[in-house]
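The values are calculated or read from the model by the stated rules, or taken from the named source; none is laboratory data. Every value quoted in this text rests on a predicted model; they were computed, and no experiment measured them. Positions of Cβ are generated from backbone atoms using ideal geometry, with glycine treated the same way; all protein chains shown enter the neighbour counts. With ligands, DNA and RNA removed, areas are computed over all heavy atoms of the protein, side chains included. Shrake-Rupley method; radii C 1.70, N 1.55, O 1.52, S 1.80 Å.
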Amino acid sequence: MAEAKKEFRFVTEVPKNVWGPDFDDIFVYPLYDESKVGMEITVPKGCEKIAWEVYDKGKKIASGESTDFKAGKVFKTTADMKKFKPWNVNTPYLYTFKTILTVKGKTEECSIRFGMRKYSVTKDSFYLNNENLFLRGVIRGREAHDHPDLANLGMYEYYAKYMRMMKLYGFNFIRFHSFVPPIECFEAADEHGILIHVEMRKYYGKYQKERSRMDSQGSLMNPDEWIEMLKRLRNCTSLMVYCMGNEIDHPGRNPICQEFYEMTHKLDPTRFFLDTCSRGEFDRNSVDLDVQHMSYFYPWGHSYNMFENPQNWIISGSASGIPMIEKNADDDEDWKIARKVPSRRPVLAHEICHYAGLRDLDALEAKFDKYCPENKPWWIGELKKLIKLKGYSKKEYDLMKKASDRFQFLSWKLGLEAARRSKILSGFHFLQFCDTDRYENSNGIVDCFDDKKGIDDVAFRKFNGDTVVLADMPKRVFFEGEKVLVPVMVSHFSAELSGEMVFRFALKNSKGEEVFTGKMPNISLTERGRHEICEVTLKFPKTGKPQAYSLVFELINDKQEVVVDNAWNLWSFPDNAAALPKMAVNMELDEVAPTVRYPQLVQSDDAKLMIANRFSKKLIDHVANGGDAWVMYRVPVTRDRKKPAAKEKYYLPAVWERFKAIIWDRGHNSGAFMRKSGALAGFPNDGFVDMQFSHLINDSDKVILDDFPVKVEPIMEGVDRAVRDRFDVYNFLLSELQPAYTMRKFGYMFEVKVGKGRLFVTAFNFTGLNNNDPETVGMFESIMRYLASSKFAPKAEMTAKALSSYLLAKGKGPIVKERRMTQYWQLDEEPLESRKYWDEALKYIGEEVKEQDIWMKDQANKLNVDKKK
């Protein structure tokens, strides 16, 4: 088998001039509004005549010639393009401009394909051919975000296949991270209608340190290389953005950026210039657009409107030096004033939705065996070993992967819909479309061969198509009889849809039956952009039972065809506390007071059922002697990173959980799946975690069952990540996977027979019970009814002594402390990691070391592990 092609993977290269030296600076460009095409060229020495011809699919439609020029000077001309067909993302129509030079009696020819298109901006929008455009971009280019031509397709087809797939899922733009691709990429983009962003600044490998050093040098990059790139690329129709590089600090204070801005527009006034992808000051002037980091939050809860908040840009400061924050102390200030940051130009969200999941290892290994076995990544075998080490069967892993896929898709939907609702954004950079072969994480929609991996493109386009109908719904769970107001908006950028539509909604129950439906005519789609079109008010039916619903929005054309639709899962629960049966309970709870809502729960020290939020000798003895216990596990030490807490004597290892996906290598929530149990009989679910669990999971204590004394099959099992913390790789040269921090067996809900009694454990956050949160109420009542029933019959068994010994031993050992990246994810406080955060994170895990010292110390070992990094 031939070795997989890796051209242009690691080094930024400028495509070579293929037309000969006399055409070194030829530039063919559309004059869209004038219905003309322009051409300019520096006249070579000895040139006697310049002629030109324009072709439409082989048919000559314009021509001309001139002898009125001087050698060494720039010659400019135009040709009429009457009734031309525009080039755009949906109809990428191309013409050919042929230039013929007669030099010293000999003719030289140069043919350049071009499209009639126009890029322009206003204060808050991008335009292609004077039509509003929302950029739905993906990121590739660097090793972590890309893959080589593993199937040996050849450079053109390698890029073309990727482009066909990304368009299938609704994307229209590629940002090449710190990379300039080969000319075959632009040829494919020209033909497939894909917009391209390139970054010229080289990327060396030890990214953070070399990036900072380059920023401080002042020069940033070589202007001659920049000019060379411009001359080679400016004849590519699909090229839209020239960018200097990724995350350059303080570009607005560096005069070099202004020089590059002016140089770029002099050489190519038809495209956009950007100094840096993220980290640019809000008030700098030498850019045509902006790309800003909108935070590493998750678009739910306190961050539901994360793409509406430009205040994170304060981090990058001001180009003019005006203060961004005033406060009376660096830490624990009494007061603070933060400047309101305006948006001055079209803004793209930087690196969004990089939510990680699990891989189909068998399918991936089969592809490598077929196409390039010598390039099979090391981590495929290591992940399989890890799965075996953790004791997962193939059936269990397949279920885990399905749960991971479901949660990843839900997270993408939340993220992209939040971006489309934003009043600030004109687009985004999605990280990332394809998986990489470089490391074990999976955050792509397609695999590293650019093949589908089970994600439904039709379902994906419902929230990532040209036109998307949106519901503004920060809350998804309600009480029956509750009214909810749903603002409806449309993010409309389709060239095909126009005129008036009928808006229709339907609330469907779990059987697919329509409970409510309604229509409103005369919804205009004449103007592109983001528009608020109506509001829907719903009153959830009173059925006396927990219900799962689907809220469907549709736009219907004059042919009665549904042309745009979208849907959201909703749930309702009865608000009838008195319906819970009266019972005696011995409650020892720190934060939750069930008797406020349920006075029929009578406190009794002699009750058969004991409810506590921690383990104790009293509780274990109670169960051992035939009692029942529900441990609503939630202890301060789980949040020790936020507020130092005393260790639990009887400690059940747990992680501080959040309802948000793993963001690259931050976090440990890859979703969850449920096994059939009466405990969830009153809590609607389809076997996988969805938004109805959000408040229960967020800020919970997810239990680790890796070394629990007996094997239990959790009623609700959480799925861990498979990826290492990147800083353990970079700083400590860790080249193996981390069993202590990856692929752990998590339990949100499990049960076990202990001695003569029964133990039920949940890892949910039940503090919402104090506020009558519908989903918390629903879960509490479902579990209480289950515990009082004959269906409460745990299969796993253990002795009270075994349980006590295990918990006491864990109490004497170290508490669970996550690695650096995940601590940030758990705290869920800052939009970006700060220097202070990194220092505190290292201190917390007892690894207060200077990163540079460790790096230098271990350089001798680098070659031995580099292949696994």
- Query: Want the number for residue 262 to residue 596: 0.36 nm per residue separation, take away the alpha-carbon distance, what's left?
  - Reply: 113.4 nm
- Task: Using only the alpha carbons, work out the radius of gyration and Dmax of segment 383-488 in angstrom.
- Result: 17.7, 52
- Query: the chain: D in µm²/s via Stokes-Einstein (Kirkwood Rh, Cα pairs, 25 °C, 0.890 mPa s)?
  - Reply: 82
- Message: Placing unit charges on C-beta atoms (Lys and Arg positive, Asp and Glu negative, everything else neutral), compute the dipole magnitude of segment 452-574 about its Cα centre in debye, rounded to 20.
- Response: 560
- Task: Quick one: of 82/462; 60/106; 45/266; 608/745; 413/817, which pairs are farther than 27 Å apart, Cα to Cα?
- Result: 82/462; 608/745; 413/817
- Note on the structure: Which residues qualify? For residue 425, with a placed amide H closer than 5 Å and at least 5 residues away or on another chain, they are none
- Note on the structure: For the chain, the dipole about the Cα centre with charges only on Cβ (Lys and Arg +1, Asp and Glu -1), to the nearest 20 debye, works out at 1480
- Task: Kindly provide the helix-only [θ] at 222 nm of the chain, computed as the sum of -39,500 (n - 2.57) over DSSP H runs of four or more divided by all residues, to the nearest 500 deg cm²/dmol?
- Result: -6500 deg cm²/dmol
- Task: Express the carbon and sulfur contribution to the solvent-accessible surface of the chain as a percent, rounded to the nearest whole number, probe 1.4 angstrom.
- Result: 50
- Determine the alpha carbon to alpha carbon distance for each of 59/231; 394/702; 83/423; 508/753; 98/161; 395/617 and list only those over 32 Å. 83/423; 508/753; 395/617
- Message: On a full-extension model of 0.36 nm per residue, what is the gain between residue 91 and residue 152, subtracting their alpha-carbon distance, rounded to one decimal in nm?
- Response: 19.1 nm
- Select from 631, 489, 419 the residue farthest towards the positive end of the dipole of the chain; place +1 on Cβ of Lys and Arg, -1 on Cβ of Asp and Glu, and compute about the Cα centre. 631
- Query: Tell me, what is the 1.4 Å probe accessible area of residue 157, in Å² to the nearest 10?
  - Reply: 60
- Message: Rg over Rh of segment 649-769, using C-alpha atoms and the Kirkwood radius, what does it come to?
- Response: 1.00
- Message: For Cα pairs less than 8 Å apart in space and 6+ apart in sequence, what is the mean separation divided by the residue count of segment 397-554, i.e. the relative contact order in percent?
- Response: 20
- Query: How many times 2.2 N^0.38 Å is the alpha carbon radius of gyration of segment 714-774?
  - Reply: 1.69
- If each part is reduced to its alpha-carbon centroid, segment 142-197 and segment 579-621 end up apart, in Å, by 60
- Query: To the nearest 10 degrees, how steeply does helix 361-371 sit against the main Cα axis of the chain, on a 0 to 90 scale?
  - Reply: 30
- Roughly what angle does helix 255-267 make with the longest principal axis of the chain, taking Cα atoms, 0 to 90 degrees, to the nearest 10? 50
- Spin-label pair residue 40/residue 337, simplified geometry with 7 Å Cα→Cβ offset, distance in nm: 4.8
- Task: Please give the solvent-accessible surface of residue 686 in Å², to the nearest 10, using a probe radius of 1.4 Å with every protein chain present.
- Result: 90
- Expected-Rg normalisation [2.2 N^0.38 Å, Cα atoms] applied to segment 597-653: 1.34
- Taking H placed 1.01 Å from N in the peptide plane, check which residues at least 5 places from residue 354 or on another chain put their amide H under 5 Å from its amide H. 431
- Item | Distance between segment 735-773 and segment 280-308 - C-alpha centres, whole angstrom | 36
- Query: So which lysines can residue 336 reach, going by Cα to Cα under 25 Å and dropping same-chain residues fewer than 8 places off?
  - Reply: 327, 642, 643, 836
- Item | Probe 1.4 Å - accessible area at residue 632, Å² to nearest ten | 10
- Message: Ordering 439, 169 by accessible area with a probe of 1.4 Å, largest first, what comes out?
- Response: 439, 169
- Message: Of all beta bridges DSSP finds with both residues in the chain, what is the antiparallel percent, to the nearest 5?
- Response: 70
- Kindly express, to the nearest 10 degrees and within the range 0 to 90, the angle between helix 835-844's C-alpha long axis and the longest C-alpha principal axis of the chain. 40
- Message: For the full complex of protein chains and a 1.4 angstrom probe, list 371, 651 by accessible area with the highest value first.
- Response: 371, 651
- Item | segment 231-315, accessible area per residue, ligands and nucleic acids excluded (1.4 Å, Å²) | 28
- Query: Roughly how many debye, to the nearest 20, is the charge dipole of segment 254-395 about its Cα centre, given +1 on each Lys and Arg Cβ, -1 on each Asp and Glu Cβ, and no other charges?
  - Reply: 940
- May I ask for the net charge around residue 391, where only other residues with Cβ less than 14 Å from the Cβ of residue 391 are counted and Lys, Arg are +1 while Asp, Glu are -1? +3
- Item | Charge-dipole axis of segment 272-413 as Lys and Arg at +1 and Asp and Glu at -1 on Cβ define it, positive-most pick from 378, 306, 285 | 378
- Message: Suppose all protein chains stay in the model; what accessible area per residue would a 1.4 Å probe give for segment 496-544, in Å²?
- Response: 61
- Under a 1.4 angstrom probe, counting protein chains only, how are 838, 656 ranked by accessible area, largest first? 838, 656
- Query: Between segment 102-137 and segment 222-267, how many Å separate their Cα centres?
  - Reply: 17
- Query: Measuring with a 1.4 Å probe in the full set of protein chains, what accessible area per residue, in whole Å², belongs to segment 344-431?
  - Reply: 35
- D (Stokes-Einstein, µm²/s), Kirkwood Cα radius, segment 14-108, 0.692 mPa s at 37 °C: 229
- Message: Let me check against my output: what whole-number percent is the relative contact order of the chain, with C-alpha pairs under 8 Å and at least 6 apart?
- Response: 9
- Query: Pulled fully out, how much extra length does the chain show between residue 124 and residue 713, if you take 0.36 nm times their separation in residues and subtract their Cα-Cα distance?
  - Reply: 206.8 nm
- Query: Residue farthest toward the positive end of the dipole of the chain, with Cβ of Lys/Arg at +1 and Asp/Glu at -1: which of 441, 622, 226?
  - Reply: 622
- Under 20 Å Cα-Cα from residue 559, which lysines qualify once same-chain neighbours fewer than 8 residues away are excluded? 519
